[in-house]
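The values are calculated or read from the model by the stated rules, or taken from the named source; none is laboratory data. If you're wondering where the values come from, they're calculated on a predicted model, not measured in any experiment. Using ideal geometry, Cβ is built from the backbone for each residue, glycine included, and neighbour counts are taken over all protein chains shown.
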Amino acid sequence: MRLLTITALAVLAACEHQDAPPNLSPSPPSQPAMSAPDARPSVTFTTAQGDAVVRVEVVQSEAKIERGLMYREHMPPDDGMLFLLEPEQDWKFWMRNTLIPLDIIFVKRDMTVAGIAANAKPRDESLLSVGVPSRFVVETNAGWAAAHHVVAGSGVKFAGVVPDAR
């Protein structure tokens, strides 16, 4: 019985190889590898100079919101963090235990920029806000907003952002 099983498996394996047509065509010319598009969530800001995109880590739970970007020593130039907040209010952020300078971009429910706390200093415990209710906050490296012409009133769009069910 064991010999019969081994023989049957060998026949099946041979049949699988016979079904596949041989590759007789010449190899295609070498082409540069195409990288897959970045599937991470992103935020696009629409400005008078065009769109500016930042890839984001999305946080919504209370624990992740409280931790934010604390203790991180580096963030790639076009990366950031998106905070999904409830309710819409005049949110206040601080930089306690945050080691890199940030721009804190406050976004209203209507998906426009409420204002920006630019160049927030590392480890500063001053409360930062823009005095306008917001529903979302995007943190980027300091200077990112100015370099990309993001200002109060700029339009905002999310891609790949799925809020937790509450």
(request) Name the residue, out of Phe83, Phe93, Phe106, that is within 20 Å of Val156 (Cβ to Cβ), touching a helix residue (DSSP H, G or I) at 6+ places or on another chain (Cβ under 7 Å) and either crowded, with 18+ Cβ neighbours inside 10 Å or of a type in the set (S, T, N, Q) (or both). (result) Phe83
(message) Among the residues of segment 29-47, what is the count of those that are modelled with pLDDT of 95 or more, out of contact with any Phe, Trp or Tyr (no Cβ under 9 Å at 6 or more places or on another chain) and assigned to a loop (DSSP other than H, G, I, E, B)?
(response) 0
(message) Every residue in segment 69-109 that is among the polar types (S, T, N, Q) and in a loop (DSSP other than H, G, I, E, B), please.
(response) Asn97, Thr98
(request) Output the number of residues of segment 130-156 satisfying the condition of being assigned to a helix (DSSP H, G or I), surrounded by 15 or more Cβ atoms within 10 Å (Cβ to Cβ) and of a type in the set (A, V, I, L, M). (result) 1
(request) Among the residues of segment 126-166, write down those that are more than 22 Å from the chain's Cα centre (by Cα) and either modelled with pLDDT under 95 or of a type in the set (Ser, Thr, Tyr) (or both). (result) Ser126, Ser129
(request) Looking only at segment 116-129, count how many residues are in a loop (DSSP other than H, G, I, E, B) and either over 15 Å from Trp91 (Cα atoms) or not hydroxyl-bearing (Ser, Thr, Tyr) (or both). (result) 6
(request) Test Val113 against the stated conditions and say whether it is touching a residue at least 24 places away in the same chain (Cβ under 8 Å) and either part of a strand (DSSP E or B) or within 24 Å of Ala39 (Cα to Cα) (or both). (result) yes
(message) I need every pair where a residue in segment 57-74 that is within 16 Å of Trp91 (Cα to Cα) has its Cβ under 6 Å from the Cβ of a residue that is surrounded by fewer than 14 Cβ atoms within 10 Å (Cβ to Cβ), sequence separation at least 6 or different chains.
(response) Gln60/Asp164
(request) Run Val151 past the list (1) within 19 Å of Glu86 (Cβ to Cβ); (2) touching a helix residue (DSSP H, G or I) at 6+ places or on another chain (Cβ under 9 Å) and report the number of the one that doesn't hold. (result) (1)
